[in-house]
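What follows is a set of notes on a single structure, which appears directly below.
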């Protein structure tokens, strides 16, 4: 009897345990499903093909995807627009303007010249010699004295031991000014010793020497400007009056003389002169400062500013040149504004700081 009663109780326990385990599994399954639905934004029990918040099919793009696509398209459009704008600016010379200085082409004169050093000299400067040898007794004149032809300059005593003679006069052979007295009183001189130098100070010239390489361009009639140390702010006009026909074999130079205008009497024989000898000259020419001339692909160019403020490269041919200026023969016209200072290239937008006439 007791054994029969224990069997049903055991069966119930087993069944209840199984039911409990099934219930726990079901609860765990429900919790898992709920957790999955929350993470995907899909309500519990929604069809597997639906998106959680919009109910759109899972194959359709979500709002965040659409937003990303739209942003990418907007950025792409902006980039394309920026590239187009930049390209347009580049083609039209856009960008930050470069400040330059320019010169307007107008008729001007350009000269090429040679710079030389020379000495002021009297045209009729001569040395005065005695007729006899002896002791220089005395001078009758001083440096700067005006003398006439035949005037006595000095006396020479030709006496010798045991023989006394009358002093012999030394006379000037020309009219002029005593430039120098060569000896001291008491010296013994010979007939080959110059007693004095006399010259005409109202007829001066400048003597200089030109390197052999300039023989082809030096001739009488060439103009020159002369500067003297005592008058630094003044120049004297001069003209080549004589060109030596021979070349000095030692110095490889030729001697030239220049007639100089000195109406005020400021020149003195022996003065040091700086001579600018004009070898060639062109008037009414297109002239620009040397800084305006550039080289591009081994060709001479300048940059001309057009009406839109854009620098344009122009190939030119060159004529006369000197230390400061260049003559342009072609490629530009009078009135053009040429860049003389500033780093530019073809198509650069420029702003002109100052404009002056090319000289």
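Computed from the coordinates by the stated procedures, all read-outs in this text should not be read as laboratory data. Keep in mind that what you see is a predicted model, and the values were worked out from it rather than measured. Virtual Cβ from ideal backbone geometry, glycine too; neighbours counted across all protein chains shown.
When the scattering of the stretch 203-282 is computed by the Debye formula from its Cα atoms alone, each counted once and equally, what is log10 I(q)/I(0) at q = 0.16, 0.25 Å⁻¹?
Treating every Cα as an identical point scatterer, log10 I(q)/I(0) equals -0.61, -1.24.
Let a ≥ b ≥ c be the square roots of the eigenvalues of the Cα gyration tensor of the stretch 126-199; is it rounded (a/c under 1.5), or, if not, prolate (a/b larger than b/c) or oblate?
prolate
Where a ≥ b ≥ c are the square roots of the eigenvalues of the C-alpha gyration tensor, would you call the stretch 194-248 rounded, which needs a/c under 1.5, or, failing that, prolate if a/b is larger than b/c, or oblate? Numbers along the way, then the final one.
Numbers: a/c = 2.08, a/b = 1.20, b/c = 1.73.
Cα axes put the stretch 194-248 in the oblate bin.
Of the peptides 121-128, 264-271, how do they stack up when ordered by the mean number of other Cβ atoms within 10 Å, highest first?
Highest-to-lowest ranking by the protection proxy: 121-128, 264-271.
Can you pull the one-decimal nm distance between simple spin-label points at residue 31 and residue 190, each 7 Å off the Cα toward Cβ?
14.4
Could I have the simple spin-label model distance between residue 209 and residue 231, label points 7 Å from Cα toward Cβ, reported in nm to one decimal?
2.7
Report Rg (one decimal) and Dmax (nearest whole number) for the stretch 148-303, counting Cα atoms only, units Å.
24.6, 92
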